[in-house]
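The values are calculated or read from the model by the stated rules, or taken from the named source; none is laboratory data. Remember, it's a predicted structure, so these values are computed and weren't measured experimentally. Reconstructed Cβ throughout: ideal geometry from the backbone, glycine too, with neighbour counts over all protein chains shown. With ligands, DNA and RNA removed, areas are computed over all heavy atoms of the protein, side chains included. Shrake-Rupley method; radii C 1.70, N 1.55, O 1.52, S 1.80 Å.
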Amino acid sequence: MQIENKQLKEFLLDSNLLEDKVIEENFIEADKAKKKLGDLLVEKKLINEIELRKLYSYILGIPFVNLEKEMIAPDILQIIPEPIAKKYNIVSFEKDGKNLKVAMKNPEDLQTIDFIRKKTGLKIIPCLTSEESIKAALRQYEKSLKAEFGDIISADSEEASVNAEEENDLEKIAQDLPIIRIVDTLIKHAILQSASDIHIEPDEKEVRVRYRIDGILHDAMTLPRQVNDGLVARIKVLSNLKLDEHRLPQDGRFKIEKDGYKISFRVSLLPVFEGEKIVMRLLDETSKGLTLEKMGLMGDALEIVHRGIKRPNGMILVTGPTGSGKTTTLYTAMDILNTPEVNISTVEDPIEYRMMRVNQTQINPKINMTFASALRALLRQDPDIIMVGEIRDGETMQIAIEAAMTGHLVLSTLHTNSAAATLPRLLDMGAEAFLIASTVNVIIGQRLVRKLCNECKTAYTLSEKEVKALSDVFDMDKILAMLKTAPEMKGFINEKSTWKNINFYKPKGCDQCSNEGYHGRMGIYEVLEMNEEMGKLITSNASSDVLEEKARANGMRTMAEDGFIKAVQGITSIEEVMRVTKE
């Protein structure tokens, strides 16, 4: 768009969006660097893209539209075919008689407007929109293709079944066009729904496909039993695994780069009674870097974690069951620590994400490359920060503690139910109590809860019956007292609040969240900071209950309490907190 920097500067000065001094400084900087003033301001996060686009629309006298949360009717969307929409970043979103409203990033592109006019025979009314808005609208093409995907799957399944009966050569079946299309469709569908895992499970008469979305498994589709061999062979070919091995588990990886996304797939094959079960973990390598705040850490807990990871030595332990986001927390902490001045090394099984400037080692028990042997070798590599994927045995734990004592910062995970239970667990594994007391800095206990959909969540208050039922699971009086003093609750509740007048939220379901009522996930945490008092309790072999009591007296919030804060804030529901804490 031909909007001069000077023109934008004048409008910014009139709009009072920024201070005059800031506008002038950036105008001079943009001129020197021969950059667009708008791009520079967005880059520096002085204004967001939507504000900038609204300014452009005002300058150009063209309406602005934001389609991020709009559902476009499939028949209107399809007026401009998907390939053209993607190529020219133009989407039709409203039709009134012979008038067609289109959203585009550059409404001065008269050539494209003329091309669409000739193609559709309609009068085109261009509207300005943002990058994210166009992306959201383009994703709706794929959503409208879901029904079509179903047709492809059923048609290709029949063809693949016939071909599979005719051929016994696994390699040929894997290269079969219907099989390739089915696998591509399953993957595309999973990416579209933001699934974290794809499960392909053979039964006696069919193959069941399920997607894990926001931590919950959902049935996606069923396929004829005959296509199973072809599916397995195709995924083995993609993952570079042995085609003729059906009796042993196999692990592999492959990557897909397409339409701006880069997804890494971690593949696990396991022999089951009816064949081989496949689980594919989807790892989005283009996802924007997480921060501890975005993950759900807040207030004192966040400060304690930041303080712990900034220390030059000691141990940071993250604890929780499988799938509770422990590795993500460790990667986020490493991302904060990842500067050119330090040497970060990891020992993992498996390596989840590739990180720049981090030396990542994959363990391989077959050749005796265990956590313990890899960690021992790694200590001779002059590391400053060490990440051990998981402390599984006494030997690994002993080396990790020694590393923490000798001037290294060690990050690791452990499977325990709470932060306080981690300390007795280390003693059970053979660690000396005084060593635990002097090396452990912080223990983070965590679970993942689903976030309520902002578009359809509905407010309600607890009835007496509900409060009584919750009292059987949680100490409701303690939680209410904590909520009244929590800084995060300012504006949500006050000193006089009771359970009868505190708002909670429940899921309803709408188009934005595929009628689930939830969209995305967030952590709930308990963060235990080691101090002298805790150290004395450990050396006197105190139980996890006593340790938890002392930690709470020192200001630690339990996961349930953190969950209630997020439930009152409208981030999640009480049902979700109960589901994951299972008190």
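Report yes if LEU238 is surrounded by 16 or more Cβ atoms within 10 Å (Cβ to Cβ), out of contact with any Leu (no Cβ under 9 Å at 6 or more places or on another chain), within 29 Å of LEU448 (Cα to Cα) and of a type in the set (A, V, I, L, M, F, W, C), otherwise no.
Considered against the rule, which asks whether it is surrounded by 16 or more Cβ atoms within 10 Å (Cβ to Cβ), out of contact with any Leu (no Cβ under 9 Å at 6 or more places or on another chain), within 29 Å of LEU448 (Cα to Cα) and of a type in the set (A, V, I, L, M, F, W, C), LEU238 comes out as no.
Hey, among ILE344, ILE304, which residue is in contact with an Asp or Glu (Cβ under 9 Å, 6 or more places away or on another chain), of a type in the set (A, V, I, L, M) and open to solvent by 10 Å² or more (accessible area, probe 1.4 Å)?
Values: ILE344 fails: open to solvent by 10 Å² or more (accessible area, probe 1.4 Å).
From the options ILE344, ILE304, the qualifying one is ILE304.
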- Specify which of the listed residues (THR327, THR339, THR291) is among the β-branched types (Val, Ile, Thr) and either surrounded by 17 or more Cβ atoms within 10 Å (Cβ to Cβ) or touching a residue at least 60 places away in the same chain (Cβ under 8 Å) (or both). THR327
- Query: Condition test on ARG579, is it more than 30 Å from ALA73 (Cβ to Cβ), under 31 Å from the mean Cα position of the chain (by Cα) and surrounded by fewer than 17 Cβ atoms within 10 Å (Cβ to Cβ)?
  - Reply: yes
- Query: Among the residues of segment 467-481, is there at least one that is crowded, with 16+ Cβ neighbours inside 10 Å, over 21 Å from MET559 (Cα atoms) and either modelled with pLDDT of 90 or more or charged (D, E, K, R) (or both)?
  - Reply: no
- Item | Filtered residues of segment 431-462 (kept if open to solvent by less than 50 Å² (accessible area, probe 1.4 Å) and assigned to a loop (DSSP other than H, G, I, E, B)) | ALA431, CYS453, CYS456, LEU462
- Quick check: anything in segment 116-132 farther than 25 Å from GLU51 by Cα and crowded, with 20+ Cβ neighbours inside 10 Å? yes
- Taking MET405, is it modelled with pLDDT of 90 or more, open to solvent by 10 Å² or more (accessible area, probe 1.4 Å) and under 15 Å from MET530 (Cβ atoms)? yes
- Just to be sure, is LEU292 aliphatic (A, V, I, L, M), modelled with pLDDT of 90 or more, on the phi < 0 side of the Ramachandran plot and out of contact with any Ser or Thr (no Cβ under 8 Å at 6 or more places or on another chain)? no
- Task: Please tell me if ARG354 is farther than 17 Å from ASN313 by Cα, open to solvent by 10 Å² or more (accessible area, probe 1.4 Å), basic (Lys, Arg) and touching a residue at least 24 places away in the same chain (Cβ under 8 Å).
- Result: yes
- Task: Evaluate segment 217-239: report whether one residue or more is out of contact with any Phe, Trp or Tyr (no Cβ under 8 Å at 6 or more places or on another chain), free of Cβ contacts under 8 Å to residues at least 60 places away in the same chain, of a type outside the set (Asp, Glu) and under 25 Å from PRO365 (Cα atoms).
- Result: yes
- Query: Take the residues of segment 483-502 that are in contact (Cβ under 8 Å) with a residue 24 or more places away in the chain, open to solvent by 30 Å² or more (accessible area, probe 1.4 Å) and under 31 Å from the mean Cα position of the chain (by Cα): which is nearest to ALA560 (Cα to Cα)?
  - Reply: GLU488
- Message: List pairs: first residue in segment 371-387 and without any contact (Cβ under 8 Å) to a residue 24 or more places away in the chain, second residue buried (at least 17 other Cβ atoms within 10 Å of the Cβ) and among the aliphatic types (A, V, I, L, M) anywhere in the structure, Cβ distance under 8 angstrom, at least six positions apart or on different chains.
- Response: ARG376/ILE399
- Can ILE28 be described as touching a strand residue (DSSP E or B) at 6+ places or on another chain (Cβ under 9 Å) and hydrophobic (A, V, I, L, M, F, W, C)? no
- Note on the structure: TYR505 passes all but one of the listed conditions (1) open to solvent by less than 80 Å² (accessible area, probe 1.4 Å); (2) within 23 Å of GLY445 (Cα to Cα); (3) touching a strand residue (DSSP E or B) at 6+ places or on another chain (Cβ under 6 Å); the exception is number (2)
- Would you tally the residues in segment 523-543 being surrounded by fewer than 18 Cβ atoms within 10 Å (Cβ to Cβ) and in contact with a Leu (Cβ under 9 Å, 6 or more places away or on another chain)? 1
- Message: So, in segment 313-332, how many residues would count as being on the phi < 0 side of the Ramachandran plot and part of a strand (DSSP E or B)?
- Response: 5
- Out of the residues in segment 28-40 that are among the hydrophobic types (A, V, I, L, M, F, W, C) and out of contact with any helix residue (DSSP H, G or I) (no Cβ under 6 Å at 6 or more places or on another chain), which is modelled with the highest pLDDT? ILE28
- Query: On the given criteria, is LYS508 over 31 Å from the mean Cα position of the chain (by Cα), more than 20 Å from SER324 (Cα to Cα) and basic (Lys, Arg)?
  - Reply: no
- So which pairs qualify, if the first residue must be in segment 243-255 and in a loop (DSSP other than H, G, I, E, B), the second must be of a type outside the set (Gly, Ala, Ser) and surrounded by 11 or more Cβ atoms within 10 Å (Cβ to Cβ), the Cβ gap must be under 6 Å, and the two must be at least 6 apart or on different chains? LEU243/LEU170; LEU243/LYS236; ARG247/PRO271; PRO249/LEU270
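Would you confirm, using the coordinates I've provided, whether SER543 is more than 27 Å from LYS457 (Cβ to Cβ) and of a type in the set (Ser, Thr, Tyr)?
So SER543 fits the description; yes.
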- Message: Within segment 201-213, does at least one residue satisfy the condition of being assigned to a helix (DSSP H, G or I) and farther than 24 Å from ILE263 by Cβ?
- Response: no
- Selection from segment 87-102 of residues open to solvent by less than 70 Å² (accessible area, probe 1.4 Å) and within 29 Å of the chain's Cα centre (by Cα) yields ASN89, ILE90, VAL91
- Query: If GLU526 passes every condition in (1) under 30 Å from MET315 (Cα atoms); (2) assigned to a helix (DSSP H, G or I) but one, which one does it miss?
  - Reply: (2)
- Answer residue from segment 275-312, given it is over 12 Å from the mean Cα position of the chain (by Cα) and in a strand (DSSP E or B) and is farthest from LEU337 (Cα to Cα) among those: GLY275
